[in-house]
Each structure stands twice: as structure tokens, then as C-alpha cells.
Amino acid sequence: QVHVVESGGGLVQPGGSLRLSCTGSGSISSFYAMGWYRQTPGKQRELVAAAITGGTTNYVDSVKGRFTISRDNAKNTVFLQMNSLEPEDTAVYYCFVGWGSSVYWGQGTQVTVSS
């Protein structure tokens with residue numbers, strides 16, 4: 001059993017910053033992949049950023065240069081630093097952790113960018 005717990009969402013003005021955190025715990029001691037998807041009503045879930053064991057990171061084009069993903073492997077925690085936020089970033093952000101063919105999800109945290 002794996003538990004994924006997120007924190008850090010909220011309301012921020014355009015141009016502001018937020019930091020999301022996510023920790024995976026349970027029967028797996030380390031995760032190959034950790035990252036974030038986001039979803040808005042009526043749209044498919046979109047991969048925002050992922051961090052792979054060994055240091056590889058991937059970002060969707062729309063957040064490159066504004067978002068930074070990082071990991072604390074000792075704590076099985078992944079962070080998403082979001083700067084220069086735009087209204088288009090408004091979504092529910094879901095953390096995922098992966099090992100082999102298994103993917104585990106957090107409950108989602110709302111990020112709202114609005115003045």
C-alpha cells in the first residue's frame with residue numbers, strides 16, 4: 001500500500017508564486033518517477049512536470065522557465081516551485097509517484113490564479 005499526500009495549493013494573484021509538496025510513503029522505499037499532473041473541468045489531465053531517478057526532469061512547454069521540479073529522495077518528497085503564475089495555470093494539481101508499472105496518485109490540490 002502506498003500513500004501519496006500533497007500540500008501547498010491555494011489562491012494567488014497573477015505573477016505570484018506557490019510551492020507544492022508531495023510525499024509518498026508505504027510499501028515502496030523509493031520511487032522511480034515523481035511529478036505532477038493538472039486538470040481543469042472538461043479537459044484531459046495534463047502532465048506538468050516529472051522528475052526521474054538519476055536527475056532527468058521533464059516539463060510541459062507552457063511552464064518551462066516558470067516552474068521547477070525537485071526531489072528529496074531521502075524523504076520520498078517531490079516539490080513543484082511555481083513562479084510567474086498565470087490564470088491559465090488554474091487547475092487541480094495531482095501528484096503521482098511511480099515504480100515499475102504501478103502509479104499512485106494524491107488526492108489533488110487546487111491552485112487558483114486570480115486577481
Does any residue in the stretch 66-79 that is without any contact (Cβ under 8 Å) to a residue 40 or more places away in the chain and at negative phi come within less than 6 Å, Cβ to Cβ, of a residue that is in a strand (DSSP E or B) and not aliphatic (A, V, I, L, M) six or more places away or on a different chain, and which pairs are these? THR68/GLN81; ILE69/THR57; SER70/PHE79
So which of SER25, SER21, SER29 is under 13 Å from the mean Cα position of the chain (by Cα) and of a type in the set (S, T, N, Q)? SER21
Looking at the stretch 9-44 only, could you name the residues that are at pLDDT 95 or above and of a type in the set (Lys, Arg)? ARG19, ARG38
Pairs under 7 Å by beta carbon, first residue part of a strand (DSSP E or B) and at pLDDT 95 or above in the stretch 80-103, partner open to solvent by 10 Å² or more (accessible area, probe 1.4 Å) and of a type in the set (Asp, Glu), six or more apart or different chains? CYS95/GLU6
Of the residues SER70, SER84, which is over 13 Å from the mean Cα position of the chain (by Cα) and of a type outside the set (Phe, Trp, Tyr)? SER84
Hits in the stretch 1-57 (condition: assigned to a loop (DSSP other than H, G, I, E, B), open to solvent by 60 Å² or more (accessible area, probe 1.4 Å) and of a type outside the set (Gly, Ala, Ser)): GLN1, GLN13, PRO14, TYR32, PRO41, LYS43, GLN44, ARG45, THR53, THR56
Checked the stretch 58-67 for anything within 14 Å of the chain's Cα centre (by Cα) and either closer than 18 Å to TYR94 by Cβ or at pLDDT below 95 (or both); matches are ASN58, TYR59, VAL60, VAL63, PHE67
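The values are calculated or read from the model by the stated rules, or taken from the named source; none is laboratory data. All of these numbers come straight from a predicted model, not from anything done at the bench. Heads up, the Cβs are rebuilt from the backbone with ideal geometry, glycines too, and the neighbour counts pull from every protein chain shown. These area figures cover heavy atoms from the full protein model, side chains too; ligands, DNA and RNA do not enter into them. Shrake-Rupley method; radii C 1.70, N 1.55, O 1.52, S 1.80 Å.
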